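The values are calculated or read from the model by the stated rules, or taken from the named source; none is laboratory data. Everything numeric here is computed off the predicted structure, so don't read it as measured data. Cβ: placed from backbone, ideal geometry, glycine included. Neighbour counts: every protein chain shown. Heads up: the accessible areas ignore ligands, DNA and RNA and are worked out on the full protein's heavy atoms, side chains in. Shrake-Rupley method; radii C 1.70, N 1.55, O 1.52, S 1.80 Å.
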Amino acid sequence: MSSSETPSRAHPSYLEDSGRHKGILGWLLSVDHKRIGILYLVSIACFFFIGVTIGILMRLEMLTAGPTIVQPQTYNALFTLHGVIMIFLFIIPGIPAILGNFFLPIQIGARDVAFPRLNLLSWYCYIAGAVIAVASLFTGGGPPDTGWTFYVPFSIRTGTNVTLAVFGAFILGFSSILTGLNFITTIHRLRAPGMDWFKMPLFTWSLYATAWVQILATPVLAITLVLVMLERLFGLGLFDPAKGGDPILYQHLFWIYSHPAVYIMILPAMGVISEIFPAFARQKIYGYKAIAFSSLAIAFVGYLVWGHHMFTSGMSDTSRLVFSLLTFFVAIPSGVKVFNWVSTLYKGAIVVPPPMLYALSFIFLFAIGGLTGIIQSALATNIHVHDTYWIVGHFHYVMFGGAAWGFFAGLLYWFPKMTGRMYNFRPVFVAWVLMFVGFNMLYFTMLVLGWMGMPRRYYDFLPPFHTGHVIATVGSWFLVSGLVILAATLIRGLRRGAPAPADPWGGTTLEWRIASPPPTENFHEIPTVTHGPYDRPEISV
Amino acid sequence: MSTAALNEAHHHDATGAKIGMWLFLFTEFLLFGGLFLVYAEYRTIYATDFHYAAMSLNLLIGAFNTLILLTSSLTMALSIAALERGLRRLSCVLLVVTIGFGLFFLVNKYFEWSEKFHHGLYPGSEVLAGRTPGEGVFYGLYFAMTGLHALHVVIGLVVLGAMLGIVARKPRLKARVEGLAPARLVLQDASGQTIWSREVAEPPEAVELALVYPEHDEVREPQVTKLENSGLYWHLVDVIWIFLFPLFYLIS
């Protein structure tokens, strides 16, 4: 293995080297994990902004009591679509499919994922599922109005186009399963020499835990959705109480997937944070193994808590107690992570460029999301807040404040590596202020409204809730302007940003050892790993 | 050292392919797992109704189909064993036999289902509307589960058909020698894709190997792995049926 350092022109970046096909086909038919990551980035970003638009329309509708801009049936369609798009098209694939695809192979010192062609197929499944879901809006009986949970018996009775929307979600499930399968195999088979399990970066660890959840939970949703389709098409009667079926069984099956899915969303974000903290605190991460194992623990316990979505649906007291207790347990590994991140900062030389700023605010927002979660896992409180804005506020703190902020932090952290260009910091700080203020105005108010008794998914509200709804709607305007500035800054950076050096942040993992943007097969020569992912030999001397 | 140094980039990873396949099979088991869960609940609630409903299933056809699927799994396993030993022709014949059994299974299924329809035993029928809700749920489950299983048989047959094309074709390989010392022997398939490469100490040795290697085990390995993975899928179809058969036909 004697090869000298070759000039960079011999190894063009993945952006220049389009492979066997030219132009747009060089992207659409590429099996390079980095190009596929970018395909996901572009498509997911589009759907994210559609979801945001629907969200802001909903808030606008709730600005005043009674009809404001849309009719009640349209409002039902809006909250359904907002949920379906944000969950199935943005948050679930978000971090794993974009950042995971791009960085998982690089972080473990591999040239690609284990099954590159399957990886491209996953993207096509994603697009097919998304197109079908969007098609359900304009065909059949109009957009679905069931909420993203598709609860029976309403979802089998409604005349709206639930069948097609559900089929779209089913196809999206394939995409998720294939990505998970690919990542697990990649991590088992393609780690570079010396990269043992405990030298893997924590982002990779979190993707590993996530991938198992994707594989083991998604099929249960798939079969549940198939049953809803069969129910609508042939009237099987399995969930229809009129025919002897049991609607509660649907809820069990649905949440057996959809609760673990929450961890598909949040675990990768936690992985991103575990990368960013050591990089900007200039410290080795505190409690590496604790963070790695807590990811697996969250993935495991996450399977056993689905019943907490159904405390008011009809379950025995014993099951409710058990589900409640198990739900409290989720707080333990989550707490382990938060304390380890904060301890990483201790005596660190902390710098706060944009990625770190978003990572720090992730902790704040996720902590509120997590703590409100503990409140509602207590049985008595749960009955009080069930199906209110409290729940909406809670899961937005976890999903948006947690998963999506983690995604923004990761995007800002890895943007220079992915594009080879820097972005302008100042507008990102402005965007952060707008987003942070707007976010808390919007969702903290929702917590308060919910506690006061405002039910979720209602088109109208009583006078006491008016002030709260106004504050929340104004907050949504701040939040969206921040998002727009953030997106515009990154797009501007992409076109006019200064060239990024290989390691702009002082990161320690393998992706910072190669050029920005990375060459086609990442490593000219597969590296041999000799020290931990967050070791800083230059300062430990 | 030099002959042992493999080119990692294009080297075929049979273990990786198998890990991927097994993970996929997990997801299939969980897919059916959801249905078995539904079955378990309704079996508990409607024990008596299920008992009576099951008596009108045709035990003879069910048992016969079980026999067919089990035998097809045997011929599948033999086909893999044949290819591992380099008996390409025998492997193909056994694969064709397996596909034949699969089609036979579907034909029986067709007659079985048509009989049910003929007697009005299908979801939403007037006959079932006049019976207990439990019997309706039983037939709902029966069609959902055996239907999904039949769909898997069809997918399995398509996979096996594709495999027949892959196994039947002797790999047409182009051997190329790159470099001098260390030389690299590269084998490419018809489409020009590198399927195997290895570093060798001397160019003459590489040329010698180029003559021998197209029939070597390591070159045949990708085909065997593919056939094994397809076989695993076929066994999955079989295993699911092993559970469906007693649950619907035998417990009555």
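Using a probe of 1.4 angstrom and keeping all protein chains present, the accessible surface of the range A:464-508 works out to 47 square angstrom per residue.
In order along the range A:88-105, the phi-based Karplus estimate (6.51 cos²θ - 1.76 cosθ + 1.60, θ = phi - 60°) of 3J(HN,Hα) comes to 7, 9, 10, 6, 5, x, x, 5, x, 6, 8, 6, x, 4, 6, 9, 4, x Hz; Gly and Pro are listed as x. Taking all Cα pairs closer than 8 Å and separated by 6 or more residues, the relative contact order of the range A:440-519 comes to 27 percent. Shape class for the range B:42-142: prolate, because the ratio a/c of the largest to smallest gyration tensor axis (alpha-carbon atoms, square roots of eigenvalues) is 1.5 or more and a/b beats b/c.
Here is the P(r) of the range A:358-420: all C-alpha pair distances, binned every 5 Å from 0, give 4, 19, 22, 16, 13, 10, 7, 4, 3, 1, 0 in whole percents. Database remark: amide H of A:Gly142 closer than 5 angstrom to the amide H of A:Asn161 (H placed geometrically; neighbours at sequence offset of 5 or more, or on other chains; Pro and chain starts carry no H).
Spin-label pair B:Glu178-B:His118: with each label point 7 Å from Cα along the Cα-Cβ axis, the two points sit 6.4 nm from one another. Given R0 = 35 Å, the distance between the Cβ atoms of A:Val474 and A:Val42 translates into a calculated FRET efficiency of 0.65. Ordering B:Ala81, B:Gly134, B:Phe101 by Cα displacement along the dipole of chain B toward the positive end leaves B:Phe101 in first place; charges were set at the Cβ atoms of Lys, Arg (+1) and Asp, Glu (-1). Amide hydrogen proximity for B:Val200: with H placed 1.01 Å from N in the peptide plane, the residues at 5 or more positions away or on another chain lying under 5 Å are B:Ala183, B:Arg184, B:Leu185. If a spin label sat at a point 7 angstrom from the Cα of B:Leu37 along the line to its beta carbon, the backbone N atoms of the range A:283-300 nearer than 18 Å would be those of A:299-300. Assuming R0 = 35 Å, can you tell me the calculated FRET efficiency for the pair B:Glu205 and B:Ala162, based on Cβ-Cβ distance, to the nearest 0.05? My answer for the efficiency is 0.45. Only the Cβ atoms of Lys and Arg (+1) and of Asp and Glu (-1) were treated as charged; on that basis the dipole of the range A:153-285 about its Cα centre amounts to roughly 360 debye. The simple spin-label model puts a point 7 Å past each Cα toward its Cβ; for A:Thr312 and B:Glu126 those points are separated by 4.4 nm.
Taking all Cα pairs closer than 8 Å and separated by 6 or more residues, the relative contact order of chain A comes to 18 percent. At q = 0.06, 0.09, 0.10 Å⁻¹, what log₁₀ I(q)/I(0) does a Debye calculation on the Cα points of the protein assembly as shown give, no solvent, two decimals? Debye output, listed in q order: -0.42, -0.95, -1.14. Placing dummy labels 7 Å off each Cα toward the beta-carbon, the span from A:Leu321 to A:Ala367 is 3.4 nm.
For A:Thr388, the residues whose amide H sits under 5 Å from its own are A:Arg456, ignoring neighbours fewer than 5 places away on the same chain, with H placed 1.01 Å from N. FRET efficiency for A:Phe198 and A:Arg495, Cβ-Cβ distance as r, R0 = 30 Å, nearest 0.05? Computed FRET efficiency for A:Phe198 and A:Arg495: 0.15.
The convex hull of the Cα atoms of chain B, projected and averaged over all directions, covers 15.7 nm². The gain in end-to-end length when the B:Arg169 to B:Leu70 segment is fully stretched comes to 32.9 nm, 0.36 nm per residue minus the alpha carbon separation. Computed over protein heavy atoms with a 1.4 Å probe, the carbon and sulfur contribution to the accessible area of chain B reaches 67%.
Between A and B, buried accessible area from a 1.4 angstrom probe totals roughly 2500 Å², ignoring ligands, DNA and RNA.
Charges were assigned to the Cβ only: +1 to each Lys and Arg, -1 to each Asp and Glu. The resulting dipole of the protein assembly as shown about its Cα centre is roughly 1240 debye.
A simple rule links phi to the HN-Hα coupling: the Karplus curve 6.51 cos²θ - 1.76 cosθ + 1.60 with θ = phi - 60°, which for the range B:229-246 gives 5, 5, x, 4, 4, 5, 5, 4, 4, 5, 4, 4, 5, 4, 8, 5, 4, x Hz, with x for Gly and Pro. Principal-axis analysis of the Cα atoms of chain A puts helix A:425-452 at an angle of about 30° to the longest axis. Report the accessible area of B:His152, computed with a 1.4 Å probe over the heavy atoms of all protein chains in place, in Å² rounded to the nearest 10. Answer for B:His152: close to 10 Å² accessible. Fully extending the segment from B:Leu90 to B:Leu60, taken as 0.36 nm per residue of separation minus the present Cα-Cα distance, adds 7.6 nm.
Relative to the longest principal axis of the Cα atoms of chain A, helix A:317-345 runs at roughly 30 degrees.
Contact order for chain B, expressed relative to its length and based on alpha carbon pairs under 8 Å spaced 6+ residues apart, stands at 30 percent. Note on A:Tyr443: accessible area approximately 20 square angstrom, rounded to 10, probe 1.4 Å, nucleic acids and ligands left out. Per-residue Karplus couplings for the range A:292-299, computed as 6.51 cos²θ - 1.76 cosθ + 1.60 with θ equal to phi - 60°, are listed in order as 4, 6, 5, 4, 5, 5, 4, 4 Hz, Gly and Pro entered as x.
Taking the centroid of alpha carbons for each part, the range A:97-137 and the range A:199-251 are 21 Å apart.
Shape annotation for the range A:264-378: C-alpha extents along the principal axes are 53, 24, 22 Å, from largest to smallest. To put it simply, the accessible area of chain A at a 1.4 Å probe is 70 percent carbon and sulfur.
Here's the list of lysines a cross-link from B:Lys116 could span, going by alpha-carbon distance under 30 Å and ignoring same-chain residues fewer than 8 apart: A:Lys243. For A:Val134, the accessible surface of its heavy atoms amounts to roughly 50 Å² (probe 1.4 Å, protein chains only, rounded to the nearest 10). Measuring heavy-atom accessible area with a 1.4 angstrom probe and counting protein chains only, the residues of the range A:174-208 that give up at least 50 Å² relative to the chain alone are A:Leu181, A:Arg189. Taking Cα atoms only, the orientation of helix A:162-189 departs from the longest principal axis of chain A by about 30 degrees.
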